[in-house]
């Protein structure tokens, strides 16, 4: 198993060089392309690759306003995971004290050919796959195509300013079909096995 290369962290750290007026969307596209094609998450024995991500960043005096103030503050080193109310991020170098922070929200992942869609589902699946240690990033050559960009889910400023900070690959379907799911039967008070389909209402191509 190969550890993640320093080139990925160096790419993430380039955000520190960005100034107001720079094409930050193009920078996010470069990071997304690298992430989809060369990075995976290892959680126990399970490896997850990326299917959909969103970028969030705030820097006082440089990247402020409605596009940026939807970012969760945090103090974390570059490349570390950050868990929050909406899921989990891969962090840019972040400092609440210095008022710059942000990361890459993991919105959808792949486990083999299976799509797990939605940021909270991703966080749950990754953590529940761990076996005695936290998940970590690994180098992984994928056959992934160049990701497509679109607006982030639920961020009105993206529509108003036509900024596309979400990147994804198009799977055959965003719906996950599962067999043998245990659910409570109210009539008997017992659990029973059912088939279930997880529908992804935030499907990026429909935004």
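In region 6-174, Cα pairs under 8 Å separated by at least six residues give a relative contact order of 27 percent. In this rough spin-label picture, where each label sits 7 Å from Cα along the Cβ direction, the residue 26-residue 84 distance is 2.7 nm. With a Förster radius of 41 Å applied to the C-beta separation of residue 156 and residue 131, the computed FRET efficiency comes to 0.50. Each of the peptides 44-55, 195-206 was scored by the mean count of other Cβ atoms within 10 Å over its residues; in descending order, highest first, they stand as 44-55, 195-206. When semi-axes √(5λ) of the Cα gyration tensor in Å is calculated directly from the model, which label among [x] 36, 20, 13; [y] 31, 20, 17; [z] 37, 20, 17 fits? Label of the calculated value: [y].
Values in this text are rule-based calculations from the coordinates and carry no lab data. Worth saying up front: this structure is predicted, and the values here are computed from it rather than measured. FYI the Cβ positions are ideal-geometry reconstructions off the backbone, even for glycines, and counts take in every protein chain you see.
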